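Just below is one structure, and these are the notes that go with it.
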Amino acid sequence: MRKLGVAIVGMGNRSKAHAPLLKIMQDKFELVAICDGITERAKAAGATYNVPWYDNVQQLLVKERPDIVDIVLPPDAHHVVGVLAAEHKVHLMCETPISITLPLADAMINAAQRNGVKFEVAEQVYRWPEERLKRQIIEAGVIGEPLRVYCRFRTGAYHAMNALRAYTGWATPRRVWGATRSFAVTPFLNFGNPTQEENWEHALVEFENGVIGIHEQVSNWLSPFRRDLPRNLGVDASKGFIYENDVYVFANDGNQRHTMQIETIDVEGMAVPARYKVDTDPPVVWENPYTAYPVGDMDGIARIDYWHSLYDAIVHNRELNYGALEARKDQELPIAYRESARQGGLPVELPLKAVTAYEERMHQEYRQKYGSDPLQDLEKLANNVFPQMGIRWAA
Ligand SMILES: NC(=O)c1ccc[n+]([C@@H]2O[C@H](COP(=O)([O-])OP(=O)(O)OC[C@H]3O[C@@H](n4cnc5c(N)ncnc54)[C@H](O)[C@@H]3O)[C@@H](O)[C@H]2O)c1
């Protein structure tokens with residue numbers, strides 16, 4: 001079986017989820033090099049994974065000529081490395097979000113198309129086994145037609161939008177309303193920065209099939225402040241509802257509750273879920289196609305899936321099972337509701353037909369922060385060490 005050479009760019013926190021998985025998937029991939037703008041970090045990661053290391057991505061692209069660049073950089077940098085790698089005819093795996101604005105996402109998408117390279121995005125939410133089973137439950141008609149889908153999240157809004165879109169059966173969103181608010185709270189450290197404020201985003205999404213999406217999100221997600229706030233996902237439908245991992249089917253004499261069950265098998269000493277199921281009528285089962293790998297957690301199973309998607313697209317010329325265009329849709333929604341919030345809650349129609357004022361402001365902040373236009377000077381920007389938070393919360 002053909003192996004694809006992967007170079008990871010960005011050896012911060014998230015790379016620790018990528019590099020070990022590539023090792024587990026060594027039937028398909030080989031880590032061939034790593035890069036980080038912080039020289040000491042690059043050197044240490046090179047030693048850890050026993051591969052050549054670089055602190056300059058352009059040198060890596062020229063010298064290593066990998067099949068795939070895995071972009072695990074802060075979001076402000078995704079398009080910078082994405083465009084440069086595509087111009088070197090290197091396929092792209094990109095962490096979420098695809099980019100901070102749609103023009104920057106489009107720069108990557110166009111570069112990939114122009115150069116004939118595949119472009120997958122590491123969105124995992126709809127790929128979580130529990131989420132796949134929920135979608136099958138909805139498709140089987142067990143709870144009737146979805147009416148309202150909702151999500152409270154502490155991390156990227158694009159993940160939340162991915163979950164909501166999946167629950168609607170990937171219906172097209174037509175309109176959004178947004179409200180963002182800052183609240184005074186007791187002092188705490190946010191990424192080491194003292195702050196007394198937290199920001200909440202609230203959004204309503206109207207889908208073409210009449211389903212309403214409801215989303216709320218706090219932006220201080222890595223601070224201690226709301227760390228323990230549970231993620232909250234649900235579907236209210238015409239014959240019942242799903243709340244987290246429980247399915248409730250309406251009956252006049254009391255709802256029937258069905259809790260998701262997991263059957264595991266032993267794979268190299270690891271309990272790997274073989275199937276997720278609910279004993280509804282009819283019963284619904286999701287079979288894990290990746291039991292060949294000793295990966296037992298839902299996020300890991302989802303990550304195997306996006307690597308498979310890219311592998312099959314490159315080697316077998318199959319369609320990506322998510323891809324950059326879907327990732328763009330998941331990012332278009334937060335952009336649109338932030339634009340609505342900026343306009344005092346006026347509805348914003350979808351799809352967006354022009355660059356929003358919110359995005360213009362992001363680009364302006366980008367120029368101020370990094371001294372370069374985000375769509376120009378990519379080679380210069382590639383040498384900048386981008387911070388983890390960047391400008392992504394500017395609203
Ligand atoms: N899918 C998920 O659930 C999930 C979870 C966490 C993070 N992420 C995403 O992963 C990405 C990385 O996040 P992180 O938490 O690892 O950030 P991080 O700041 O910990 O790591 C980023 C690394 O990139 C390096 N870097 C910055 N600019 C560079 C450049 N020009 N060239 C080479 N290296 C450069 C930094 O030195 C740093 O080591 C982000 O896009 C984030 O949104 C996704």
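The values are calculated or read from the model by the stated rules, or taken from the named source; none is laboratory data. What you see is a predicted model; the values in this text were computed from it and never measured. Here the Cβ is made from the backbone with ideal geometry for all residues, glycine too, and neighbour counts use every protein chain on show.
Just name the residue that is farthest from the chain's Cα centre (by Cα) out of those in region 23-41 that are within 15 Å of the ligand (Cβ to nearest atom) and touching a residue at least 40 places away in the same chain (Cβ under 8 Å).
I38
Against the condition touching a helix residue (DSSP H, G or I) at 6+ places or on another chain (Cβ under 8 Å) and assigned to a loop (DSSP other than H, G, I, E, B), how does L73 come out, does it pass?
Here the answer is yes, as L73 does meet what is asked.
Which residues, counting only those in region 1-22, are closer than 14 Å to V72 by Cα, in contact with a strand residue (DSSP E or B) (Cβ under 9 Å, 6 or more places away or on another chain) and without any contact (Cβ under 8 Å) to a residue 60 or more places away in the chain?
Answer for region 1-22, where residues must be closer than 14 Å to V72 by Cα, in contact with a strand residue (DSSP E or B) (Cβ under 9 Å, 6 or more places away or on another chain) and without any contact (Cβ under 8 Å) to a residue 60 or more places away in the chain: S15, A19.
If I ask for residues that are more than 15 Å from the ligand (Cβ to nearest atom) and more than 22 Å from G82 (Cβ to Cβ), which ones from region 1-22 would you list?
M1, R2, K3
Please pick out the residue among L346, L325, L333, L350 that is at pLDDT 95 or above, under 18 Å from N162 (Cα atoms) and more than 17 Å from the chain's Cα centre (by Cα).
Exactly one residue qualifies, and that residue is L350.
Which of the residues that make up region 109-130 are without any contact (Cβ under 8 Å) to a residue 40 or more places away in the chain and either closer than 14 Å to Y306 by Cβ or outside any helix (DSSP H, G or I) (or both)?
Across region 109-130, the qualifying residues are G116, V117.
If you check Y248 against the conditions, is it among the hydroxyl-bearing types (S, T, Y), in contact with a strand residue (DSSP E or B) (Cβ under 9 Å, 6 or more places away or on another chain) and touching a residue at least 40 places away in the same chain (Cβ under 8 Å)? Explain how you work it out, then say what you get.
Working: among the hydroxyl-bearing types (S, T, Y): yes; in contact with a strand residue (DSSP E or B) (Cβ under 9 Å, 6 or more places away or on another chain): yes; touching a residue at least 40 places away in the same chain (Cβ under 8 Å): yes.
Considered against the rule, which asks whether it is among the hydroxyl-bearing types (S, T, Y), in contact with a strand residue (DSSP E or B) (Cβ under 9 Å, 6 or more places away or on another chain) and touching a residue at least 40 places away in the same chain (Cβ under 8 Å), Y248 comes out as yes.
Can we say R342 is among the basic types (K, R), free of Cβ contacts under 8 Å to residues at least 40 places away in the same chain and surrounded by fewer than 19 Cβ atoms within 10 Å (Cβ to Cβ)?
The answer is no for R342.
For region 314-332, does any single residue satisfy the condition of being away from the ligand (no atom under 16 Å from the Cβ) and more than 30 Å from K28 (Cβ to Cβ)?
Yes.
Would a scan of region 361-382 turn up a residue that is of a type in the set (D, E, K, R), assigned to a helix (DSSP H, G or I), farther than 26 Å from E120 by Cα and within 14 Å of the ligand (Cβ to nearest atom)?
yes
I'm trying to understand the selection: among the residues of region 29-48, which are surrounded by fewer than 18 Cβ atoms within 10 Å (Cβ to Cβ), under 29 Å from G269 (Cβ atoms) and of a type outside the set (V, I, T)?
E30, A44, A47
Checking the structure you have, find out if any residue of region 291-301 is buried (at least 21 other Cβ atoms within 10 Å of the Cβ) and aliphatic (A, V, I, L, M).
Yes, region 291-301 contains at least one residue that is buried (at least 21 other Cβ atoms within 10 Å of the Cβ) and aliphatic (A, V, I, L, M).
Scan region 154-164 for residues that are within 11 Å of E131 (Cβ to Cβ) and among the basic types (K, R) and report the count.
0
Could you tell me whether Y306 is closer than 20 Å to G82 by Cα, in contact with an Asp or Glu (Cβ under 9 Å, 6 or more places away or on another chain) and hydroxyl-bearing (S, T, Y)?
For Y306, the condition - closer than 20 Å to G82 by Cα, in contact with an Asp or Glu (Cβ under 9 Å, 6 or more places away or on another chain) and hydroxyl-bearing (S, T, Y) - is met.
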